[in-house]
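A.B. asks: Provided herewith is a single structure, encoded as structure tokens, for subsequent inquiry.
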Amino acid sequence: MFTKHTRLSAPALPWRATAIALALGLGTGLAAADEPSVQIYGIVDIGVLTQSKSGTAGSLTQVATSGYRQSVWGFRGKEDLGNGLKVFFNLETHFDVDTGEFHGTGDAAGSGPILFRRQANLGLSGDWGQVAFGRQYGPALLAHLATEPRAFKEQFSNIYLFAYNQYAATLGPAPAGINANNDVGIFLKNAIQYRNAFGPVQVGLAYALGEAAGSLKKNSVLAAGVTYTGPVVLSFSYQNMKDGTTGEPVVKHLGFGGAVPIGDFTLKANYLNVKNADPSGAEVSDVNGISLGVDCDWSAANKLTVAYYDNKDRRNHSDATRNLVISNDYSLSKRTLLYVQGAYVDAKAGATIKTTIVAAGVPAQGAKTTLLNVGINHTF
């Protein structure tokens, strides 16, 4: 089953973090030997989202896909080659349940629909760790799964500060420089990634080849993520993207996080900073995301989360939002979950997608907006 997959040689993460990684479709296909060599898996997630303000048009209610986790289907497989060596592959598609369409992509203009938007990779693993080649999740995002207050949920989390600040490097407006070798900083293309565990420390290093003639630097991406899982969880991330024409850094990302379990509670804190630059390397934005939260497992089937986000572009203080999120996840089974999540968003007059926690962007600039999302999430 999908929920049984774990990463080879990884330390035992808290079960919440492990479930998150699996829900994101991050399994390597390196499961127990008695499982099939090829597996179909997926997530189907849909609900209803209502908000008090939507731009200047008033309130809005809609059927919303992927409120808790992204809706995906995919294939993963493995083969034991002997002598401790295994081969694995991952192919994963992102779709919208409300319409049945492919989910939009953050790839460079002209890319068209991407069948395997999230993963299309092949790799090898052994006692030395694992290495994967192709389109794949970058290690920077993975490092913070257990320390971001809402574990980078698809709605109302800083996954959008992380993604939209790197979206400018593919499809965003000028004057940001262009790096066409990534999809919103989360999915790296033409990438080589090494992952391994050293005791309680999980390390991921990735390099996306720019494939620019005469230069190893132009259009490249260098990314790293480190997670320590012990009595507490600590996380670190780094990502650097180079312009496809000049080779100058156009996106610089840095992140730190921590999580402390105290009985039924887990306290979390996370800091993300992303700087965007023009093709000459001159800085055009400097966005900070500070988030605090607490999880409470108040029953065997229920988890309550309260999170606060304060996001701001330090070069433009009117581009800022302050956000309070309260949610409850109720597990009907190991694979089916009901969720209720509400957010209060205080957006400044210049707020943009770079400081949002809402999937569709800023609900209303210069306004205070309440949002409520009720949905169901099923994995198979």
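A.B. asks: Filter segment 70-98 down to residues that are open to solvent by less than 10 Å² (accessible area, probe 1.4 Å) and either more than 28 Å from Leu124 (Cα to Cα) or polar (S, T, N, Q) (or both) and give me whichever is nearest to the chain's Cα centre (by Cα). So that I can check it myself, show each step before the final result.
C.D. replies: So the first thing to find is which residues in segment 70-98 are open to solvent by less than 10 Å² (accessible area, probe 1.4 Å), and the list is 70-72, 74, 76-77, 88, 90, 92-94.
Going one step further and asking which of them are either more than 28 Å from Leu124 (Cα to Cα) or polar (S, T, N, Q) (or both), we end up with 70-71, 90, 93.
Numbers: Gln70: 10, Ser71: 13, Asn90: 17, Thr93: 15 Å.
Here the answer is Gln70.
A.B. asks: How about segment 33-58: which of its residues are open to solvent by 60 Å² or more (accessible area, probe 1.4 Å) and either under 22 Å from Glu101 (Cα atoms) or modelled with pLDDT under 50 (or both)? Before the answer, list the steps.
C.D. replies: Kept after step one, since they are open to solvent by 60 Å² or more (accessible area, probe 1.4 Å), are these residues of segment 33-58: 33-34, 36-38, 40, 48, 53, 56-57.
Hits for segment 33-58 are Ala33, Asp34, Ile40, Val48.
A.B. asks: When you go through (1) among the β-branched types (Val, Ile, Thr); (2) open to solvent by 50 Å² or more (accessible area, probe 1.4 Å); (3) in contact with a strand residue (DSSP E or B) (Cβ under 8 Å, 6 or more places away or on another chain) one by one for Val325, which number turns out not to apply?
C.D. replies: Every condition holds for Val325 apart from (2).
A.B. asks: Taking Lys153, is it over 22 Å from the mean Cα position of the chain (by Cα), surrounded by 18 or more Cβ atoms within 10 Å (Cβ to Cβ) and in contact (Cβ under 8 Å) with a residue 60 or more places away in the chain?
C.D. replies: No; evaluated as a whole, the condition is false for this residue.
A.B. asks: Only one residue in Leu209, Leu254, Leu216 is over 30 Å from Val294 (Cα atoms), under 22 Å from the mean Cα position of the chain (by Cα), among the aliphatic types (A, V, I, L, M) and open to solvent by 30 Å² or more (accessible area, probe 1.4 Å). Which one?
C.D. replies: After ruling out the rest, the residue left standing is Leu209.
A.B. asks: Please go through segment 254-279 and pick out each residue that is part of a loop (DSSP other than H, G, I, E, B) and touching a residue at least 40 places away in the same chain (Cβ under 8 Å).
C.D. replies: Asp278, Pro279
A.B. asks: Moving on. Against the condition within 27 Å of Asp319 (Cα to Cα), in contact with a Pro (Cβ under 7 Å, 6 or more places away or on another chain) and not basic (Lys, Arg), how does Gly177 come out, does it pass?
C.D. replies: It is true that Gly177 is within 27 Å of Asp319 (Cα to Cα), in contact with a Pro (Cβ under 7 Å, 6 or more places away or on another chain) and not basic (Lys, Arg).
A.B. asks: Let me ask another. Could you count how many residues in segment 268-321 are touching a Phe, Trp or Tyr at 6+ places or on another chain (Cβ under 8 Å), surrounded by fewer than 22 Cβ atoms within 10 Å (Cβ to Cβ) and under 25 Å from Lys252 (Cβ atoms)?
C.D. replies: 4
A.B. asks: Against the conditions (1) touching a residue at least 60 places away in the same chain (Cβ under 8 Å); (2) closer than 26 Å to Pro200 by Cα, where does Ala109 fall short? Just the number, please.
C.D. replies: (2)
A.B. asks: Looking at Arg150, Arg195, which is the one that is over 24 Å from Lys78 (Cβ atoms) and modelled with pLDDT of 95 or more?
C.D. replies: Arg150
A.B. asks: Yes or no: Lys334 over 30 Å from Ile178 (Cα atoms) and more than 23 Å from the chain's Cα centre (by Cα)?
C.D. replies: Working: over 30 Å from Ile178 (Cα atoms): yes; more than 23 Å from the chain's Cα centre (by Cα): no.
Spelling it out, it is not the case that Lys334 is over 30 Å from Ile178 (Cα atoms) and more than 23 Å from the chain's Cα centre (by Cα).
A.B. asks: Can you pull out the residues in segment 197-206 that are out of contact with any Ser or Thr (no Cβ under 6 Å at 6 or more places or on another chain) and open to solvent by 10 Å² or more (accessible area, probe 1.4 Å)?
C.D. replies: If the condition is that a residue be out of contact with any Ser or Thr (no Cβ under 6 Å at 6 or more places or on another chain) and open to solvent by 10 Å² or more (accessible area, probe 1.4 Å), then Phe198, Gly199, Val201, Val203, Leu205 are the ones that fit.
A.B. asks: What number of residues within segment 335-380 satisfy the criterion of being surrounded by fewer than 18 Cβ atoms within 10 Å (Cβ to Cβ) and either part of a strand (DSSP E or B) or touching a helix residue (DSSP H, G or I) at 6+ places or on another chain (Cβ under 6 Å) (or both)?
C.D. replies: Total satisfying the criteria: 13.
A.B. asks: Which condition from (1) at pLDDT 95 or above; (2) in a loop (DSSP other than H, G, I, E, B) is the one that Gly177 breaks?
C.D. replies: (1)
The values are calculated or read from the model by the stated rules, or taken from the named source; none is laboratory data. All values reported here derive from a predicted model rather than from experimental measurement. Backbone-built Cβ (ideal geometry, glycine too); neighbour counts: all protein chains shown. To get the accessible areas, we keep the full protein, side chains included, count just its heavy atoms, and leave off ligands, DNA and RNA. Shrake-Rupley method; radii C 1.70, N 1.55, O 1.52, S 1.80 Å.
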